[in-house]
1. Restricting attention to the range 22-41, does a residue exist that is in contact (Cβ under 8 Å) with a residue 40 or more places away in the chain and among the hydrophobic types (A, V, I, L, M, F, W, C)?
2. Any chance the range 38-61 includes a residue that's among the aromatic types (F, W, Y) and closer than 27 Å to L9 by Cα?
3. So the check is Cβ under 8 Å with 6+ separation or different chains; which pairs have a first residue in the range 4-21 that's in a helix (DSSP H, G or I) and of a type outside the set (D, E, K, R) and a second one that's surrounded by 11 or more Cβ atoms within 10 Å (Cβ to Cβ) and modelled with pLDDT of 85 or more?
4. Within the range 1-21, how many residues are under 19 Å from L72 (Cβ atoms) and in contact with a helix residue (DSSP H, G or I) (Cβ under 9 Å, 6 or more places away or on another chain)?
5. In the range 44-68, how many residues are part of a helix (DSSP H, G or I) and more than 22 Å from the chain's Cα centre (by Cα)?
6. From the list L71, L41, L24, which one is in a helix (DSSP H, G or I), at pLDDT below 90 and either out of contact with any helix residue (DSSP H, G or I) (no Cβ under 9 Å at 6 or more places or on another chain) or of a type outside the set (D, E, K, R) (or both)?
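The values are calculated or read from the model by the stated rules, or taken from the named source; none is laboratory data. Worth saying up front: this structure is predicted, and the values here are computed from it rather than measured. Ideal geometry is used to build each Cβ from the backbone, glycine not excepted, and the neighbour counts take in all protein chains shown.
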Amino acid sequence: MKIKTKSLLKTYALELGLYAVLVLVYFFLVLHFLAARLVTLHHEHPSQYAIVALGLIVGQGIFLEYCTRFLLGWLRRRGGN
């Protein structure tokens with residue numbers, strides 16, 4: 001396997017693992033802090049719930065992508081790669 005391919009696979013595996021950890025942390029934080037409010041909103045105002053849920057999904061994607069990129073850049077600088 002070429003060195004460049006190994007480097008790409010290593011970076012991809014690291015990013016995938018890091019992203020998985022961040023998604024789990026995000027999931028449990030939302031579950032802990034917002035679960036009761038989201039259930040109430042779902043039962044009382046379904047259309048508002050849909051908007052809030054979509055906002056959480058989009059916000060999660062943007063925030064976690066930013067965190068992943070930041071951490072990978074920090075690890076690369078620290079590791080000297």
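1. Kept after step one, since they are in contact (Cβ under 8 Å) with a residue 40 or more places away in the chain, are these residues of the range 22-41: 22-23.
Subsequent filtering for residues that are among the hydrophobic types (A, V, I, L, M, F, W, C) retains 22-23.
Yes, some residue in the range 22-41 is in contact (Cβ under 8 Å) with a residue 40 or more places away in the chain and among the hydrophobic types (A, V, I, L, M, F, W, C).
2. Step one: of the range 38-61, the residues among the aromatic types (F, W, Y) are 49.
Adding the requirement that they be closer than 27 Å to L9 by Cα leaves none.
Looking through the range 38-61, none of the residues is among the aromatic types (F, W, Y) and closer than 27 Å to L9 by Cα.
3. Y19/L64
4. 5
5. Looking only at the range 44-68, we keep the residues that are part of a helix (DSSP H, G or I), and these are 44, 46-68.
Restricting the remaining residues to those that are more than 22 Å from the chain's Cα centre (by Cα) gives 44, 46-48.
Of the residues in the range 44-68, 4 are part of a helix (DSSP H, G or I) and more than 22 Å from the chain's Cα centre (by Cα).
6. Details: L41 fails: at pLDDT below 90; L24 fails: at pLDDT below 90.
Result of the check over L71, L41, L24: L71.
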